[in-house]
1. For Y107, work out the one condition from (1) surrounded by 18 or more Cβ atoms within 10 Å (Cβ to Cβ); (2) farther than 23 Å from N22 by Cα it doesn't fulfil.
2. Using the structure shown, decide if G76 is more than 23 Å from L118 (Cβ to Cβ), surrounded by fewer than 16 Cβ atoms within 10 Å (Cβ to Cβ) and modelled with pLDDT of 95 or more.
3. Being surrounded by fewer than 23 Cβ atoms within 10 Å (Cβ to Cβ), more than 15 Å from A93 (Cα to Cα) and either touching a residue at least 12 places away in the same chain (Cβ under 8 Å) or more than 11 Å from the chain's Cα centre (by Cα) (or both) is the filter here, so list the residues in segment 39-56 that pass it.
4. Hey, any hits in segment 78-88 for a residue that's out of contact with any Leu (no Cβ under 8 Å at 6 or more places or on another chain), closer than 16 Å to L127 by Cβ and not in a loop (DSSP other than H, G, I, E, B)?
5. Could you grab me the full set of residues in segment 106-128 that are under 20 Å from A94 (Cα atoms), aliphatic (A, V, I, L, M) and assigned to a helix (DSSP H, G or I)?
6. Can you pull out the residues in segment 13-25 that are over 14 Å from the mean Cα position of the chain (by Cα) and in a helix (DSSP H, G or I)?
7. Please specify each residue of segment 89-105 satisfying the condition of being part of a helix (DSSP H, G or I) and either within 20 Å of R31 (Cα to Cα) or not acidic (D, E) (or both).
8. List the pairs whose first member sits in segment 101-127 and is on the phi > 0 side of the Ramachandran plot, whose second member is modelled with pLDDT of 95 or more, and whose Cβ atoms are under 8 Å apart, counting only residues at least 6 apart or on separate chains?
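The values are calculated or read from the model by the stated rules, or taken from the named source; none is laboratory data. Everything numeric in this text was worked out from a predicted model, so none of it was measured. All Cβ positions, even for glycine, are placed from backbone atoms using ideal geometry, and neighbour counts span all protein chains on display.
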Amino acid sequence: QAADHPKTPDASLFGGFIERRNRFVSNWTDRISDAAGRGGVAIWGAGAKGVTFSLLTDPARESIDCLIDINPGKQGNYVPLTGHAIVSPEQAAARGIRTVIVANPIYADEVAGACRLLGMDVGIIPLS
């Protein structure tokens, strides 16, 4: 027999999720704002992680210049709701990006190498 489920969620199940989420967003918003003071900021990766991150940390499109993606099918489009442009790595280089936040930290070294090949003098920050 299936267990009875409460009609309203039990707040204890969330275990401080809202507080952790707010700290995460606040921390990254501050880091992005600081980086934007030194030049353009981009997120490398316009998949679910990069899109969600841009929506959480820069919903008004004030600090993040663009999202970078190697998929030509994504380039030339915009992030839903925020309107951040999705550009190729070459287009990002032409935009003068100075900081790249890597949505999938597994690719941080690969992204750093790609940026070097494009002559981009950027700080690489893996999203964690």
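1. With respect to (1) surrounded by 18 or more Cβ atoms within 10 Å (Cβ to Cβ); (2) farther than 23 Å from N22 by Cα, Y107 is out only on (1).
2. Spelling it out, it is not the case that G76 is more than 23 Å from L118 (Cβ to Cβ), surrounded by fewer than 16 Cβ atoms within 10 Å (Cβ to Cβ) and modelled with pLDDT of 95 or more.
3. Across segment 39-56, the qualifying residues are G47, K49, V51, F53, L55, L56.
4. Looking for residues that are out of contact with any Leu (no Cβ under 8 Å at 6 or more places or on another chain), closer than 16 Å to L127 by Cβ and not in a loop (DSSP other than H, G, I, E, B), one finds none in segment 78-88, hence no.
5. Once the filter is applied, which keeps residues that are under 20 Å from A94 (Cα atoms), aliphatic (A, V, I, L, M) and assigned to a helix (DSSP H, G or I), segment 106-128 yields V111, A112, A114, L117.
6. L13, F14, F17, I18, E19, R20, R21, N22, R23
7. Looking only at segment 89-105, we keep the residues that are part of a helix (DSSP H, G or I), and these are 89-94, 105.
Once the filter is applied, which keeps residues that are part of a helix (DSSP H, G or I) and either within 20 Å of R31 (Cα to Cα) or not acidic (D, E) (or both), segment 89-105 yields P89, Q91, A92, A93, A94, P105.
8. These pairs meet every condition: G119/A93.
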